[in-house]
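Throughout, read-outs are computed from the coordinates displayed, never taken from laboratory work. Nothing here was measured: the structure is a model prediction, and the numbers come from that model. For neighbour counting, all protein chains shown are included, and Cβ atoms are generated from backbone atoms with ideal geometry for every residue, glycine included.
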Amino acid sequence: MTRDIGEALAGVCEEAAALILPLWKSELEVFRKADESPVTEADRRGEALILERLNALFPGVPVVSEEDASEFGTPDAIGPRFFLVDPVDGTKAFVRGDPNFTVNIGYIENGRPVAGAVCAPATGETWFTAGGKAMKRTVGGTAAQIAVRAWPAGAAVALVSHTMKEETAVKLAEQYGFDLREPMDSSIKFCRIAEGAADIYPRHGPTMEWDIAAGHAVLDAAGGQVTTPDGAEVVYGKAAEDFRNGWFVARGA
């Protein structure tokens, strides 16, 4: 199995996005998972489609997916190759009617995200890896290469959570040196940095591997990086920690 599968993953994400989009702003019932996070029928339908497609395209490659993990738990161990799937990252945004929710598939080899695709159903944008590069296309359009931008002195933009407290944002600005900040949900933050629209996404809070793997792959391919705050590599396949991440920082150039 080749690593260069990002465009195939993009097609699956776009198919799931087309299934999910009619449910946006449709007043779907919101359920609560064991951890009190929200889940909707869009999450469930999108995941079912993605799992079916991945099984057909890549038989035998394990998949760790958010809703399945929520219901049945994460595997106790995982091999060197597997997929990480989040059918609707940014469910809270989806429920609010905001456009910043995404469909995500990341492919992991030996602890690294080597291919991935992220689709934003509300805007029709898809970002994916291809031939060692990062690409972007919109519905009906052709794909074009994207890349991170140089750090703009005096105008660096950080993408942060809607719920971040002001004192926390000020401390992060002092630590990382950004000048402006924009609140945004979901893995689209990685993609905005990858396409040169923003510069840094510091995450000093909990996430799961399926939240970030696809965006990480795209950002890496665009010339950016995702590390721990002290510069160490972010690795995947942490079965012993139930696939939870520690703090990380996503950056452009």
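Want the number for ALA150 to THR227: 0.36 nm per residue separation, take away the alpha-carbon distance, what's left? Before the final figure, lay out each step's value.
On the way: separation 77, 0.36 × 77 = 27.72 nm, distance 1.80 nm.
Length gained between ALA150 and THR227: 25.9 nm.
Can you sort THR142, THR123, THR163 so the residue with the fewest Cβ neighbours within 10 Å comes first? Walk me through the intermediate numbers first.
Numbers: THR142 7, THR123 14, THR163 10.
By the 10 Å Cβ count, ascending, the order reads THR142, THR163, THR123.
With +1 on each Lys and Arg Cβ and -1 on each Asp and Glu Cβ, and nothing else charged, work out how big the dipole of the chain is about its Cα centre, in Debye to the nearest 20.
On the way: 24 positive and 37 negative charges, 129 e Å.
So the dipole magnitude of the chain works out to roughly 620 debye.
How far is it, in nm, from the label point at SER161 to the one at ALA253 when both lie 7 Å from their Cα along the line to the Cβ?
Output for this residue pair reads 3.1 nm.
Between rounded, prolate and oblate, where does the stretch 203-253 land on the alpha carbon gyration tensor, with a ≥ b ≥ c its root eigenvalues, rounded for a/c under 1.5, else prolate if a/b exceeds b/c? Display every interim value, and only then the final one.
Numbers: a/c = 2.04, a/b = 1.49, b/c = 1.37.
Verdict is prolate for the stretch 203-253.
Compute the length gained on full extension between ASN110 and ALA48: take 0.36 nm times their separation in residues and subtract their Cα-Cα distance, giving the result in nm to one decimal. Display every interim value, and only then the final one.
Values: separation 62, 0.36 × 62 = 22.32 nm, distance 2.59 nm.
Full extension from ASN110 to ALA48 adds 19.7 nm.
How would ASP179, ASP185, ASP86 line up from fewest to most surrounding beta-carbon atoms within 10 angstrom?
Neighbour counts put them in this order, fewest first: ASP179, ASP185, ASP86.
If each DSSP helix of 4+ residues adds -39,500 (n - 2.57) and the sum is divided by the residues in the chain, what number results at 222 nm, nearest 500 deg cm²/dmol?
Calculated at 222 nm, the ellipticity per residue is -9000 deg cm²/dmol.
Would you mind ranking VAL170, VAL95 so that the residue whose beta carbon has the fewest other beta carbons within 10 Å leads the list?
In increasing order of surrounding Cβ atoms, one gets VAL170, VAL95.
When a/c reaches 1.5 or more, the comparison of a/b and b/c decides; with that in mind, is the stretch 6-146 rounded, prolate or oblate per its Cα gyration tensor?
oblate
Hey, can you grab everything whose amide H is under 5 Å from the amide H of ILE146? Only 5+ residues off in sequence or another chain; H modelled, so Pro and N-termini drop out.
ALA134, MET135, LYS136
Quick check on the stretch 136-216: take the gyration tensor over C-alpha atoms, sort the square-rooted eigenvalues as a ≥ b ≥ c, and tell me if it's rounded (a/c under 1.5), prolate or oblate.
Working: a/c = 2.37, a/b = 1.43, b/c = 1.66.
Oblate is the answer for the stretch 136-216, as a/c is 1.5 or above yet b/c matches or exceeds a/b.
Just want to confirm a number: the relative contact order over the chain, from Cα pairs under 8 angstrom separated by 6+ residues, in percent.
20 percent
What pairs in LYS133/LYS165; LYS25/LYS189; LYS136/LYS165; LYS25/LYS238 have C-alpha atoms more than 29 Å from each other?
Values: LYS133/LYS165 35 Å; LYS25/LYS189 22 Å; LYS136/LYS165 32 Å; LYS25/LYS238 35 Å.
Table pairs above 29 Å Cα-Cα are LYS133/LYS165; LYS136/LYS165; LYS25/LYS238.
Does anything in the stretch 185-219 have its amide N under 14 Å from the 7 Å Cα→Cβ label point of ALA143, and if so which residues?
Within reach of a label on ALA143, which here means backbone N under 14 Å from a point 7 Å along Cα→Cβ, the stretch 185-219 contributes 218-219.
State, to one decimal in nm, how far the label point of THR123 lies from the label point of ALA18, with both points 7 Å from Cα in the Cβ direction.
Result: 2.2 nm between the two label points.
State the answer as a single residue: which of LEU54, GLY141, VAL249 lies farthest towards the positive end of the charge dipole of the chain, with beta carbon charges of +1 for Lys and Arg and -1 for Asp and Glu, about the Cα centre.
Positive-end residue among those listed: GLY141.
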